[in-house]
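Step one of this worksheet: look at the structure below.
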Amino acid sequence: RGGSSSGGAPGGPGGQTFDFSNIDIGGIGGFGDIFSSIFGGAAGAAGARPGARGAAESGQTVETNVEIPFRTAALGGKVPVELEVTEECGTCRGTGGAPGASVKTCPECTGRGTISFGQGGFAVNRPCPMCLGRGQIPSEPCPTCRGAGQVRTRRKVLVTVPEGADTGTRVRLKGQGGKGPKGGPPGDLVITFSVTPDRFFKREGLDVVATVPLNVAQATLGSKISVKTLDGKKVAVRIPPGTASGRRFRIRAQGIPKGEHRGDMIVETTITVPEGLTDEQRALMERFAEATNLRH
Ligand SMILES: [Zn+2]
Ligand SMILES: [Zn+2]
C-alpha cells in the first residue's frame, strides 16, 4: 500500500503514461508526500485524494509507534494512544464545497480531474491542482476544510497490549483508522510497540533477569534476601555462603507469560564492596586476609 507500483499504462507515441490517479494512497507517507515533494504544496492536498470520484474507498490506515513500559509489555495491559487521522470532511462529505454551494466544471482540467504534462518522451498525469482531482469547482469552498475535502482529526484510542509484547510487536485494530469516504469502510490502525527499559528487569526470551546487589557479608556468609517479582510479589531467595558475583538463581514461572507457559525470573547477583574503611575496619580486614591466605 501507498507504494512503489507506478501503474504503467502504455502511452502515446514515443512514450509512456504514468497515471498517478489510479494509485491507492492509503497510508501516511503515501503518494500525497511524493506529490508535495515533486509538485509543491498545493499538490499535497490533491495527492491526498486522486480518483475520489469513483466507488467507495476505505479510510486511511494509520500506522503509529507507541512506547510502552516494560511491565505492561511483559504482562499485557492497556495504553492510551493519541493519533491524528486524515478523514473525509464531515461538513462537505469530501466535496470541498460549502453547504449549498453550486458547482461548475473545472476550467483547468475541463472536468477530467487530471492534467498531463510532457517531459522528454513521457507524459505524466497528475491530479488537477485547481479542483484537487474532483473535476468540479464549488462556488464557495467548505469553511471546515477550506476546500480540501479532508480534515485531520485527533483521536484517543485505548489499545490492548498482548502479554509478552516486545519491541517490534505489531497489532492491527480493524476499523480504528480514518473513517471511509463516501460511506466506504474505515481504515485500520496499525500499532508497533517499542518497550522502554526497566530499572530492575531485563528480558531474555520469556525469562526476566533482575540484578540484585549483595554486600560482602551476604555473599561470603550466605543470606536470605527478598526480591520483587514482575507482579510486585515479594519472594525470598536463599543465598548460599560463598556466592560469587554473576551467579544466577531461578524463580520458576515468575517471568513473561505466553499462553499456558510462563518464563522464569532470574536473580543475578552482583557483589558490592565497602569503601572508605575506618582504621579499625581496615585492621580487621587485614587480619581476615592473613587468616585466609588472601594475597593483597
Ligand atoms: Zn469540507
Ligand atoms: Zn481541475
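Listed residues VAL212, VAL208; which is within 30 Å of LEU294 (Cβ to Cβ), open to solvent by less than 20 Å² (accessible area, probe 1.4 Å) and more than 23 Å from the chain's Cα centre (by Cα)?
VAL212 is the lone residue from the list that is within 30 Å of LEU294 (Cβ to Cβ), open to solvent by less than 20 Å² (accessible area, probe 1.4 Å) and more than 23 Å from the chain's Cα centre (by Cα).
Under the condition of being of a type in the set (Gly, Ala, Ser) and farther than 21 Å from GLU57 by Cβ, which residue from the stretch 82-115 is farthest from ligand 2 (Cβ to nearest atom)?
This residue is GLY100.
Condition first: in a strand (DSSP E or B), modelled with pLDDT of 95 or more and surrounded by fewer than 12 Cβ atoms within 10 Å (Cβ to Cβ). Can you find one or more residues in the stretch 163-173 that meet it?
Among the residues of the stretch 163-173, at least one is in a strand (DSSP E or B), modelled with pLDDT of 95 or more and surrounded by fewer than 12 Cβ atoms within 10 Å (Cβ to Cβ), which makes the answer yes.
Please enumerate the residues belonging to the stretch 257-270 that are without any contact (Cβ under 8 Å) to a residue 60 or more places away in the chain and either in contact with a Pro (Cβ under 6 Å, 6 or more places away or on another chain) or open to solvent by 50 Å² or more (accessible area, probe 1.4 Å) (or both).
Scanning the stretch 257-270 gives GLY259, GLU260, HIS261, ARG262, THR270.
Give the stretch 63-122 a look and list any residue that's closer than 30 Å to THR167 by Cα and part of a loop (DSSP other than H, G, I, E, B), or say none.
Scanning the stretch 63-122 gives a single hit, GLY76.
Scanning for something of a type in the set (D, E, K, R), surrounded by 14 or more Cβ atoms within 10 Å (Cβ to Cβ) and away from ligand 1 (no atom under 16 Å from the Cβ), does the stretch 146-159 turn up at least one residue?
Scanning the stretch 146-159, I find at least one residue that is of a type in the set (D, E, K, R), surrounded by 14 or more Cβ atoms within 10 Å (Cβ to Cβ) and away from ligand 1 (no atom under 16 Å from the Cβ), so the answer is yes.
Conditions first: (1) in a loop (DSSP other than H, G, I, E, B); (2) without any contact (Cβ under 8 Å) to a residue 24 or more places away in the chain. LYS179 passes all but one, so which condition is the exception?
(2)
Which condition number does LEU173 fail, the rest of (1) closer than 26 Å to GLU63 by Cα; (2) within 16 Å of ligand 2 (Cβ to nearest atom) being met?
(2)
Does the stretch 236-247 contain any residue that is in a loop (DSSP other than H, G, I, E, B), among the aliphatic types (A, V, I, L, M) and open to solvent by 80 Å² or more (accessible area, probe 1.4 Å)?
no
So in the stretch 116-133, with the set limited to residues that are open to solvent by 40 Å² or more (accessible area, probe 1.4 Å) and under 21 Å from GLY94 (Cβ atoms), which one is farthest from ligand 2 (Cβ to nearest atom)?
Checking each candidate, the answer is ARG126.
Tally time: how many residues in the stretch 133-142 are under 35 Å from the mean Cα position of the chain (by Cα) and either closer than 12 Å to THR105 by Cα or not assigned by TED's automatic domain parsing to the domain that holds CYS109 (or both)?
Matching residues across the stretch 133-142 total 2.
Conditions: (1) open to solvent by 30 Å² or more (accessible area, probe 1.4 Å); (2) in a loop (DSSP other than H, G, I, E, B); (3) more than 12 Å from ligand 2 (Cβ to nearest atom); (4) at pLDDT below 95. PRO143 meets all but one. Number of the miss?
Failed condition: (4).
A quick yes/no check of all residues on (1) touching a helix residue (DSSP H, G or I) at 6+ places or on another chain (Cβ under 9 Å); (2) in the same structural domain as GLN176 (by TED's automatic domain parsing); (3) not polar (S, T, N, Q):
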residue	(1), (2), (3)
ALA101	no, yes, yes
GLU108	no, yes, yes
GLN119	no, yes, no
CYS131	yes, yes, yes
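If you scan the stretch 248-296, which residues turn out to be hydrophobic (A, V, I, L, M, F, W, C) and outside any loop (DSSP other than H, G, I, E, B)?
PHE249, ILE251, MET265, ILE266, VAL267, ILE271, ALA283, LEU284, MET285, PHE288, ALA289, ALA291, listed by residue number.
Results for (1) open to solvent by 60 Å² or more (accessible area, probe 1.4 Å); (2) within 16 Å of ligand 1 (Cβ to nearest atom), shown as yes or no for each residue.
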position: ALA74; (1), (2): no, no
position: PRO80; (1), (2): yes, no
position: THR91; (1), (2): yes, yes
position: ALA98; (1), (2): no, yes
position: ALA101; (1), (2): no, yes
position: THR105; (1), (2): yes, no
position: THR110; (1), (2): yes, no
position: GLY113; (1), (2): no, no
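Looking at PRO129, is it away from ligand 1 (no atom under 16 Å from the Cβ) and within 30 Å of ASP207 (Cβ to Cβ)?
For PRO129, the condition - away from ligand 1 (no atom under 16 Å from the Cβ) and within 30 Å of ASP207 (Cβ to Cβ) - is not met.
The values are calculated or read from the model by the stated rules, or taken from the named source; none is laboratory data. All of these numbers come straight from a predicted model, not from anything done at the bench. Backbone-built Cβ (ideal geometry, glycine too); neighbour counts: all protein chains shown. Heavy atoms of the whole protein, side chains included, go into the accessibility calculation; ligands, DNA and RNA do not. Shrake-Rupley method; radii C 1.70, N 1.55, O 1.52, S 1.80 Å.
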